[in-house]
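For reference, the structure is listed below as structure tokens.
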Amino acid sequence: MRISLCDMAQCPKYCLLLNILLLVVTLSTSCTNPKTADTSEQSNLSDEDSIQAVTLADSGKMLLYQKWDLSNARLVLEEALQLDPGNAGARADLAWHHFLFNQDAQAIHEMQLAVERDPSNPKWPAWLAWIHMRVGNLNQANDAITKSLSMDPDFAEGLHVQSKIAAAKEDFETAIAIHERAAAIDPRWRLALAHTYALSGNRMKATEILATTDDSPLNTFGRIEVYLALGEKENALEWFQQAYDQRHPYLPWCRRNDDLKEIWDTPEFRRLYQTLGIE
């Protein structure tokens, strides 16, 4: 005997059963599909809140990288994410803030959220790979950078990170080949290539690239790394001072960069972290 939906609707017992089934389906969908919940949160944003979230995220980025106002940068980024939890850029910037303060688990968590919120952007898995590499998680770093470059094989920043991972494994032949490709795609990575040459012991190639690279602020930080790898600490400190005067956006993260550990105990380095309010 077949029972139609109309018959079931007229029977209290079946009606109750249908309501229970609908409730279970609704609850299971909302609990097991967090991305759907995130999309719902974003769709419920008013235009005013959406604009405010973007403004706060941009302000937090400026405070973090340009102003070096670290405490306020975190507050502003967190406020942006309260309004819009799906803002991948704010997630990534907050991850770098955590990483700066040795809060590695939180940094990895926030960067993973950035990857989930914006799954088609190769930048976020590349940045996740960078953090994993710096904390010694080379297998996770390799997985993340593979994901990044599967989205865009010519993503120069991703190639840079892949080269750094190879160098961390002391596979300098692979590291150099990857950095050569990155520099061919985007010349801004030429000093990164010089650094890899210097780490491999090829001083001639490293100095050749140094000599043919301009002294623009963009290249200041790269010169610090190259000179230290060449064993020229005084030259490295000279460029460190220039980077400090320019407020280079990478400079606060020097203490999380093992390539720069030779200057960690210098007065110049200590002055930087006094300025940042970090002990």
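Please treat every number below as a calculation from the coordinates, not as lab data. Keep in mind that what you see is a predicted model, and the values were worked out from it rather than measured. No Cβ is skipped: glycine too gets one built from the backbone with ideal geometry, and neighbour counts run over all protein chains shown.
Observations on the model:
- For the stretch 128-263, the dipole from Cβ point charges (+1 on Lys and Arg, -1 on Asp and Glu) about the Cα centre works out to 300 debye, to the nearest 20.
- Per-pair calculated FRET efficiency, R0 = 30 Å: residue 170 and residue 118 via Cβ, rounded to 0.05: 0.35
- GluC sites (Glu not before Pro) restricted to the stretch 111-177 and DSSP loop, no more than 16 other C-beta within 10 Å: 170
- Length, then width, then depth: along the principal axes, the Cα atoms of the stretch 202-242 run 26, 20, 10 Å.
- Fully extending the segment from residue 62 to residue 255 would add 67.4 nm, taking 0.36 nm per residue of separation and subtracting the current Cα-Cα distance.
- Protection proxy ranking, peptides 192-202, 178-188, average beta carbon neighbours within 10 Å, highest first: 192-202, 178-188
- Of the trypsin sites (Lys or Arg not before Pro) in the stretch 39-99, those whose Cβ has at most 13 other Cβ within 10 Å and which sit in DSSP loop: 67
- Working from label points 7 Å from Cα in the Cα-to-Cβ sense, the residue 103 to residue 49 distance is 2.4 nm.
- Dipole magnitude (debye, nearest 20) for the stretch 137-202, charges at Cβ of Lys, Arg, Asp, Glu: 140 debye
- Other residues within the sphere of radius under 12 Å centred on the Cβ of residue 212, judged by their own Cβ, net out at -1 (K and R +1, D and E -1).
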